[in-house]
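The values are calculated or read from the model by the stated rules, or taken from the named source; none is laboratory data. Only a predicted model underlies this, so the values are computations on that prediction, with no experimental measurement involved. Every residue, glycine among them, receives a Cβ derived from its backbone with ideal geometry; neighbour counts consider all protein chains shown.
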There are 2 protein chains.
Amino acid sequence: MRIEVINTGTELLLGNTLNTHGAWFGGELFKLGLRIERQLTVPDGDAIREALSESVERADVVIVTGGLGPTSDDLTREITAEVLGLELIPDEAALRSIEAFFAQRGRPMADSNRKQALNPVGADVLPNGLGTAPGVYIAPRLNGRSQCAVFLLPGPPRELYPMFRDEVLHRLRALCGIEVAPSVRELKFTGIGESDFHQAVDSKLAGIEGLEFGYCARIGELDLRLIGSDEVIEAARKLVLETFAPYLISDDGSSLEQSVVRLLAEQSKILTTAESCTGGLISKRLTDVPGSSAVFTHGFVTYANQAKVEILGVSQTTIEAHGAVSEEVAAEMAGAALDKAHADIAVAVTGIAGPDGGTQDKPVGTAWVGLAVKGLPVTAFQLFHPRNRHDFRLSVSQAALEAVRRALTGS
Amino acid sequence: MRIEVINTGTELLLGNTLNTHGAWFGGELFKLGLRIERQLTVPDGDAIREALSESVERADVVIVTGGLGPTSDDLTREITAEVLGLELIPDEAALRSIEAFFAQRGRPMADSNRKQALNPVGADVLPNGLGTAPGVYIAPRLNGRSQCAVFLLPGPPRELYPMFRDEVLHRLRALCGIEVAPSVRELKFTGIGESDFHQAVDSKLAGIEGLEFGYCARIGELDLRLIGSDEVIEAARKLVLETFAPYLISDDGSSLEQSVVRLLAEQSKILTTAESCTGGLISKRLTDVPGSSAVFTHGFVTYANQAKVEILGVSQTTIEAHGAVSEEVAAEMAGAALDKAHADIAVAVTGIAGPDGGTQDKPVGTAWVGLAVKGLPVTAFQLFHPRNRHDFRLSVSQAALEAVRRALTGS
């Protein structure tokens with residue numbers, strides 16, 4: 001089945017609104033074992049006609065979003081009916097539900113909203129509980145032009161998502177003859193080079209029948225997605241982990257911070273952070289995770305030397321002797337944070353994010369990570385990520401969280 | 001000039017990677033007065049051939065991203081050369097620069113990287129300082145199929161953005177005959193309702209000849225983009241600020257955190273933060289700004305009550321009497337942070353991010369922001385943003401930074 005998605009909306013092409021529909025639809029369809037062959041974004045108006053005319057000739061299912069509103073720019077209904085050779089007629093039930101939408105909110109219904117109740121003859125009206133725009137489903141047998149099924153859906157995600165779940169999903173499964181959706185499993189890795197990983201995994205997995213897999217590289221992270229039957233996925237997972245188990249963040253799609261929070265919770269341990277160059281990014285990431293309050297209680301953002309001395313008790317002498325970005329200071333920060341927060345593990349980072357502040361000895365991109373585990377000697381390691389400020393900080397936070405994960409798993 | 005953008009990458013259609021290229025290109029081209037007529041996303045492999053074949057027949061300029069890497073999936077160079085009837089030959093300079101990229105990082109170059117130095121005969125190699133994939137520019141006269149100019153650019157934003165700025169922009173201007181690009185000015189506002197703002201600004205700016213403007217709504221922020229001659233932009237800016245000056249974050253596109261850091265630097269003041277529900281997000285945002293170390297020295301992430309008491313010295317009695325999410329605790333946190341950090345301003349937040357932890361009196365989405373300014377009584381105000389965890393935390397950080405901005409500007 002060839003599926004194409006057309007997102008309409010001039011605002012999506014002017015740089016101020018991010019089109020999140022492509023990724024969202026991709027994810028939803030992927031769960032059914034379906035893939036989008038093409039996603040198009042076009043401005044409002046006549047561009048929809050051109051795009052739709054082409055897509056219905058090529059695809060088995062076309063999903064169009066946007067342009068179902070009441071304004072003069074909203075032409076998706078009209079143009080679709082024209083392209084497919086269908087007459088638009090007012091749907092009484094749809095009109096009543098739009099009237100009810102306004103009545104419930106105590107607002108008058110504008111005359112322009114009446115056109116939202118127009119529906120191609122014979123097509124299904126898809127109810128919209130959260131907005132005025134009903135969706136439309138045009139079955140292949142109604143299409144006067146090709147054998148393609150067409151869905152017209154509202155653009156705003158909070159209207160689109162429930163309509164997709166309640167009205168589109170079962171029609172799609174029926175159209176595509178899907179009885180059992182395949183399984184999907186995402187493995188996340190860190191600390192390996194992208195090309196090395198791809199080469200090795202490509203050759204490991206090449207022979208497995210019925211397996212699909214794909215990669216995604218992020219800063220400090222490589223994701224591998226496995227699709228197939230449960231047995232095939234398990235076989236692939238084992239093969240990959242034979243070599244790459246030490247680099248595995250998670251095999252259930254959890255982020256590094258989610259994995260760290262889960263490991264801490266399982267071991268009833270408290271983590272604390274002492275951050276210089278990352279300025280709170282590590283604690284922000286940890287507290288992104290719901291339930292992190294059970295394992296994270298204190299974080300120290302000691303951006304200035306004075307803060308390292310006063311708040312953590314790092315020795316002024318150490319800073320003067322070795323500089324704030326040094327093994328010694330990273331280690332003292334971690335040790336001090338562990339004590340101050342009565343924690344089980346402390347991770348500390350200090351580095352030069354740039355663009356200024358680099359020296360010949362310690363260029364921009366240099367960082368030290370200190371790790372203190374209760375009852376063990378404090379350790380520290382150096383990083384060098386000469387990247388832009390944003391990517392540098394993200395890399396350092398990733399390395400710090402990975403160090404915690406390794407301490408917790410003993411790997 | 002008809003411009004089309006093709007983004008290649010299976011990962012963009014599988015739901016794990018958001019395609020930010022559409023919006024980004026839209027914004028960059030809009031600054032030149034150009035618009036994208038169509039943006040397509042297609043998977044790696046043969047879909048690129050079909051999409052490119054169609055686009056080069058229809059458009060004057062086609063920009064392709066992705067598929068320039070070393071793996072077997074990366075076929076953009078090969079397929080483009082085939083579609084346009086051009087021979088691919090190794091470019092010696094490109095090969096040397098890829099070799100240098102690996103040498104600099106002390107890593108061996110894989111054999112697969114050699115194909116990245118292949119270039120269509122006569123086409124310009126676009127250097128990539130930040131990755132191994134050089135870009136390609138194929139002028140209309142080289143194109144064996146149509147009069148369309150074709151750019152092949154790397155997918156990763158950190159490689160794409162500088163290449164676009166350094167290598168694509170001037171070629172695009174020449175292609176499109178743009179001598180003087182119009183000016184663009186972005187005004188950022190906060191604390192106003194979106195519909196009220198749009199209605200008022202629409203009617204204010206409707207009469208100005210030669211002005212284009214557009215909106216973008218973000219969490220806790222409304223952006224207004226003005227495009228036109230300098231005089232027209234200035235007239236529009238004045239009209240909008242007649243009503244909305246008190247809500248202005250910046251009129252030069254600066255983010256709220258950039259504005260706050262700049263104001264602090266101008267006034268030689270030090271800010272400190274005491275964060276509970278935001279868990280470091282506020283200090284992370286402040287330290288995203290280069291040079292923030294001059295105005296931000298200490299941050300306290302006191303996620304647990306115990307941390308509020310031990311690290312800041314909030315009174316246990318206050319917490320017991322009013323709860324951690326209360327006016328009193330927010331105020332004590334701010335006052336204590338001000339003292340501990342010897343700062344001029346302190347902002348503190350405490351709230352219920354959810355999904356758990358809400359009560360009937362204090363549902364998820366409740367937060368208090370405390371503000372302490374040296375020499376003035378501490379103040380606090382309540383927020384209620386019943387949103388998902390991510391949006392709630394972003395909203396609270398925005399309100400906290402806005403409170404600091406208002407304290408600094410006396411507005």
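Select from the range B:222-246 the residues that are buried (at least 19 other Cβ atoms within 10 Å of the Cβ) and not hydrophobic (A, V, I, L, M, F, W, C) and write down the one among them that is farthest from B:Leu32 (Cα to Cα).
B:Arg225
Give the range A:47-63 a look and list any residue that's within 13 Å of chain B (Cβ to nearest Cβ) and not aliphatic (A, V, I, L, M), or say none.
A:Arg49, A:Glu50, A:Ser53, A:Glu54, A:Ser55, A:Glu57, A:Arg58
Within the range A:334-351, does at least one residue satisfy the condition of being within 14 Å of chain B (Cβ to nearest Cβ), under 30 Å from the mean Cα position of the chain (by Cα) and part of a loop (DSSP other than H, G, I, E, B)?
So far as the range A:334-351 goes, no, none of its residues is within 14 Å of chain B (Cβ to nearest Cβ), under 30 Å from the mean Cα position of the chain (by Cα) and part of a loop (DSSP other than H, G, I, E, B).
Can you go through B:Gly313, B:Gly335, B:Gly299 and tell me which one is at positive phi, at pLDDT 95 or above and not hydroxyl-bearing (Ser, Thr, Tyr)?
B:Gly313
In the range A:365-386, which residues are buried (at least 20 other Cβ atoms within 10 Å of the Cβ) and assigned to a loop (DSSP other than H, G, I, E, B)?
Result: A:Gly365, A:His385.
So which pairs qualify, if the first residue must be in the range B:269-281 and at the interface with chain A (Cβ under 7 Å from one of its Cβ atoms), the second must be among the charged types (D, E, K, R) and not in a loop (DSSP other than H, G, I, E, B), the Cβ gap must be under 6 Å, and the two must be at least 6 apart or on different chains?
Matching pairs, first to second residue: B:Gly279/A:Lys284; B:Gly280/A:Lys284; B:Leu281/A:Lys284; B:Leu281/B:Arg393.
Give just the number: which of (1) within 13 Å of chain B (Cβ to nearest Cβ); (2) crowded, with 21+ Cβ neighbours inside 10 Å does A:Glu310 not satisfy?
(2)
Which number in (1) farther than 27 Å from B:Pro386 by Cβ; (2) in contact with a helix residue (DSSP H, G or I) (Cβ under 8 Å, 6 or more places away or on another chain); (3) surrounded by fewer than 24 Cβ atoms within 10 Å (Cβ to Cβ) marks the one condition that B:His322 misses?
B:His322 satisfies all of (1) farther than 27 Å from B:Pro386 by Cβ; (2) in contact with a helix residue (DSSP H, G or I) (Cβ under 8 Å, 6 or more places away or on another chain); (3) surrounded by fewer than 24 Cβ atoms within 10 Å (Cβ to Cβ) except (1).
Scan the range B:341-388 for residues that are charged (D, E, K, R) and closer than 19 Å to B:Arg405 by Cα and jot them down.
Residues satisfying the conditions are B:Asp344, B:Lys374.
Can you confirm whether B:Leu264 is more than 8 Å from chain A (Cβ to nearest Cβ), in contact with a strand residue (DSSP E or B) (Cβ under 8 Å, 6 or more places away or on another chain) and farther than 30 Å from B:Ile227 by Cβ?
yes
Kindly establish whether B:Leu376 is within 19 Å of B:Leu256 (Cα to Cα), in the same structural domain as B:Glu328 (by TED's automatic domain parsing) and out of contact with any His (no Cβ under 9 Å at 6 or more places or on another chain).
Spelling it out, it is not the case that B:Leu376 is within 19 Å of B:Leu256 (Cα to Cα), in the same structural domain as B:Glu328 (by TED's automatic domain parsing) and out of contact with any His (no Cβ under 9 Å at 6 or more places or on another chain).
Mind listing whichever residues of the range A:65-75 are in contact with a helix residue (DSSP H, G or I) (Cβ under 6 Å, 6 or more places away or on another chain) and crowded, with 18+ Cβ neighbours inside 10 Å?
Matches in the range A:65-75: A:Thr65, A:Gly67, A:Leu68.
Could you grab me the full set of residues in the range A:12-42 that are touching a strand residue (DSSP E or B) at 6+ places or on another chain (Cβ under 9 Å), surrounded by fewer than 20 Cβ atoms within 10 Å (Cβ to Cβ) and either more than 7 Å from chain B (Cβ to nearest Cβ) or on the phi > 0 side of the Ramachandran plot (or both)?
Of everything in the range A:12-42, those that are touching a strand residue (DSSP E or B) at 6+ places or on another chain (Cβ under 9 Å), surrounded by fewer than 20 Cβ atoms within 10 Å (Cβ to Cβ) and either more than 7 Å from chain B (Cβ to nearest Cβ) or on the phi > 0 side of the Ramachandran plot (or both) turn out to be A:Lys31, A:Gly33.
Quick check on the range B:387-394. Is at least one of its residues more than 20 Å from B:Arg285 (Cβ to Cβ), assigned to a loop (DSSP other than H, G, I, E, B) and within 14 Å of chain A (Cβ to nearest Cβ)?
no
Taking only pairs six or more apart or across chains, which ones have beta-carbon atoms under 7 Å, a first residue in the range A:254-266 that is surrounded by 22 or more Cβ atoms within 10 Å (Cβ to Cβ), and a second residue that is in a helix (DSSP H, G or I) and hydroxyl-bearing (Ser, Thr, Tyr)?
A:Val261/A:Ser292
Report, by residue number, each residue of the range A:197-210 that is exposed (fewer than 14 other Cβ atoms within 10 Å of the Cβ) and assigned to a loop (DSSP other than H, G, I, E, B).
Those that are exposed (fewer than 14 other Cβ atoms within 10 Å of the Cβ) and assigned to a loop (DSSP other than H, G, I, E, B): A:Ala206, A:Gly207, A:Glu209, A:Gly210.
Going by the conditions given, is A:Val325 over 29 Å from B:Thr350 (Cα atoms), hydrophobic (A, V, I, L, M, F, W, C) and within 14 Å of another protein chain (Cβ to nearest Cβ)?
Yes, satisfied.
Of all the residues that make up the range B:319-331, how many are more than 18 Å from B:Leu401 (Cα to Cα), of a type in the set (Asp, Glu) and touching a strand residue (DSSP E or B) at 6+ places or on another chain (Cβ under 9 Å)?
Summing the residues that are more than 18 Å from B:Leu401 (Cα to Cα), of a type in the set (Asp, Glu) and touching a strand residue (DSSP E or B) at 6+ places or on another chain (Cβ under 9 Å) in the range B:319-331 gives 1.
How many of the residues in the range A:228-260 are touching a Gly at 6+ places or on another chain (Cβ under 7 Å) and on the phi < 0 side of the Ramachandran plot?
Of the residues in that region, 3 qualify.
I'd like to know if the range A:217-224 contains one or more residues that are closer than 29 Å to B:Thr297 by Cα, within 14 Å of chain B (Cβ to nearest Cβ) and either touching a strand residue (DSSP E or B) at 6+ places or on another chain (Cβ under 9 Å) or of a type in the set (Phe, Trp, Tyr) (or both).
no
With the checklist (1) outside the structural domain of A:Leu34 (by TED's automatic domain parsing); (2) of a type in the set (Phe, Trp, Tyr); (3) over 24 Å from the mean Cα position of the chain (by Cα) in hand, flag the one item A:Phe213 doesn't pass.
(3)
Kindly establish whether A:Leu68 is more than 11 Å from chain B (Cβ to nearest Cβ), within 20 Å of the chain's Cα centre (by Cα) and touching a residue at least 60 places away in the same chain (Cβ under 8 Å).
no
Are any residues in the range B:179-198 closer than 25 Å to B:Phe384 by Cα, within 14 Å of chain A (Cβ to nearest Cβ) and out of contact with any helix residue (DSSP H, G or I) (no Cβ under 8 Å at 6 or more places or on another chain), and if so, which ones?
B:Glu194, B:Ser195, B:His198
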